[in-house]
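A short worksheet on the structure shown next.
The values are calculated or read from the model by the stated rules, or taken from the named source; none is laboratory data. Note that this is a predicted model, so its numbers are computed, not measured. Virtual Cβ from ideal backbone geometry, glycine too; neighbours counted across all protein chains shown. To get the accessible areas, we keep the full protein, side chains included, count just its heavy atoms, and leave off ligands, DNA and RNA. Shrake-Rupley method; radii C 1.70, N 1.55, O 1.52, S 1.80 Å.
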Amino acid sequence: MTERQTAGLQVRIAECVIVGILIVAICLRASLEKSGALLSVLHGGTLFGLFVIASSLLHQLHPLVGRAFFALTVIVLAFEAAIQTMTGMHLNWFVLSLLWQDNSSAQVGISFPLVAGGISVAVVMLIGISARLENRRFSTPVLATLVLVLGAFGTTQLHYAYAYFGGAAEILQARRTLPFFWAPHPYQSNKLLGMVLGPRAINPFSHSDIEVAKSAFEPPSNSMENRQIMLDPTTAPNILLIISDSLRSKDIRADRSLMPNLFSAANDGYFSLDHYSVSNCTHFSMYTLLTGRLATSYGTSRRRGTPTGLFPSLALAGYRLTTAESSALDWYDLSEILLPAETERWIAEGEDTIENDAAITDKTITEIAAWPNLEAPTLHMAFYHGTHYPYSDDLNAPGTTNLDRYKQSIQLFDKKIGKILRAIKAQDTGRKTLVIVTSDHGEEFFSEGRVGHASRLSDEQVKVPFLLLGAVNDTSDLRSHADVFRFLINAVVKGPNQPPKERPIVLANCDYDFPTGFALIKGRARYDFLYDEGYLVPGPVSDGSKNPQGQLDAARRLLTLINGDL
């Protein structure tokens, strides 16, 4: 090392300017949140200081190592900025885990090999750019820089812990908007601050995660899953579930010509465009649809290792189980949780969604044609993927937007519905057929401010069409996917039906294992909550500001539901 190098950290101005601009970009959204400005400045300063120290040391170790670090930092920050802008989410474990799923290419349009290849190319390019940047630099003392960075980090933690200790309502939203933020478990910080500030005020929205995990591990003693299903196999209805991925109500409501077969069939059954999918991602909403339970028990159901819900319940009652899947329902172990071993699964193997959906339609019609020759009733699920991004290459005409392609995919799905419904009418099995047509969740486009789903519980992401044909029992309780399991069990059971419980609609925001937020809808009022480490925190979009008592009552009701009383 030269004497100049040992005097302090050698900071490369051009690299720091580029990284600094990107850090400001990714922290800007959080600074606009209430009580988020100071947290954003402190956190952004910490990130920038860490880059300055690491970059300077690595450049001194070897210029190529320093340039590679700069390249990777720029890629990570740029990727984070893009994810924030498009989806409102962050570059975190949940987002990365999407890429690790076996069918990630079909689900999100990109796969891990594609991302890895793109990053490799970008790293090489940025290393070259770094080598050609004007080599101006300034020296800063190592100790002073380190003290400033540690001071910024410590102040960030203290500011967040103190705000959380005081109620958490505003600071939690700002924290969730910040990227790469870490803080100790609230138990530790609350305990330490309690020694100085005294006992923490009772949070009316608090809840024990231990109780959640315990109650979610097994269904409640009075649940439908613990009810012995008695049926007459000669008269029990066949059940056909037709589910299309990412099909929202908004476009169908605005333009009925997108789904003429759906609206025509609606004249013969129950139909709603105000039905809630309960969650905004496939694994959570399908779990609720087929179990009647909130996704708060999703993780524990996965770890339990025993299939749960409609399919295993009807298998025990004598039903034959079949599926036809355009995209495999293996997302986050979904099939292992919901489909028992005796399920006859048929999964399309093509790459094009239009071709796969056509194959699913043909397979389903073949199944229907075989029903008259079977002694046992059948539960069949047809899962379509054509309405999920990325759309078929056949729809990518020049000048068309993603929204245009999405609407074309809806029209194609409607044609398939028409073919299946005509096949059902043409067969004479001697037993009734219950048909449900719906979706797992909705979708957002840039016209709504974001792209995709799994980011927030907006109407675009959670309101889906719902059609029911062949029902003889009451349909007034069918308001969300949480009501479907109970309805179907009541439709096939021999003897008196279990009366529905009066309960509000509960929405659960997507994550890997446990929801990150909830919304409770009762009548015309909606109360939104963030969920963090056992605490419900009133969300930024909620009717609670107009009715504080209603918000408190909603929190108490929601905690009861989270605790497993479904």
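Please work out if Leu294 is closer than 17 Å to Arg479 by Cα and at pLDDT below 95.
Taking the combined requirement at face value, the residue satisfies it.
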- Go through Arg450, Arg431 for me and flag whichever is charged (D, E, K, R), modelled with pLDDT under 95 and buried (at least 20 other Cβ atoms within 10 Å of the Cβ). Arg450
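Rundown of residues vs (1) under 16 Å from Asp440 (Cα atoms); (2) open to solvent by less than 40 Å² (accessible area, probe 1.4 Å); (3) more than 20 Å from the chain's Cα centre (by Cα), yes/no style:
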{"residue": "Ala317", "(1), (2), (3)": "no, yes, yes"}
{"residue": "Ala324", "(1), (2), (3)": "yes, yes, yes"}
{"residue": "Tyr332", "(1), (2), (3)": "yes, yes, no"}
{"residue": "Glu336", "(1), (2), (3)": "no, no, no"}
{"residue": "Trp346", "(1), (2), (3)": "no, no, yes"}
{"residue": "Glu351", "(1), (2), (3)": "no, no, yes"}
- If you check Val472, Val437, Val464, which single one turns out to be outside any helix (DSSP H, G or I), open to solvent by 30 Å² or more (accessible area, probe 1.4 Å) and either out of contact with any Leu (no Cβ under 8 Å at 6 or more places or on another chain) or closer than 30 Å to Phe514 by Cα (or both)? Val472
- Which members of segment 170-185 meet the condition of being open to solvent by less than 10 Å² (accessible area, probe 1.4 Å) and of a type outside the set (A, V, I, L, M)? Thr177, Pro179
- Task: Test Phe271 against the criterion of being of a type in the set (Phe, Trp, Tyr), modelled with pLDDT of 70 or more and part of a strand (DSSP E or B), and give yes or no.
- Result: yes
- Item | Boolean, Pro204 is modelled with pLDDT under 85, in a loop (DSSP other than H, G, I, E, B) and within 30 Å of Ala328 (Cα to Cα) | no
- Task: Just give me the residues in segment 274-305 being open to solvent by 10 Å² or more (accessible area, probe 1.4 Å) and either among the basic types (Lys, Arg) or part of a strand (DSSP E or B) (or both), in sequence order.
- Result: Asp274, Tyr276, Arg293, Arg302, Arg303, Arg304
- Message: Checking the structure you have, find out if any residue of segment 483-498 is of a type in the set (Gly, Ala, Ser), outside any loop (DSSP other than H, G, I, E, B), at pLDDT 95 or above and open to solvent by less than 50 Å² (accessible area, probe 1.4 Å).
- Response: no
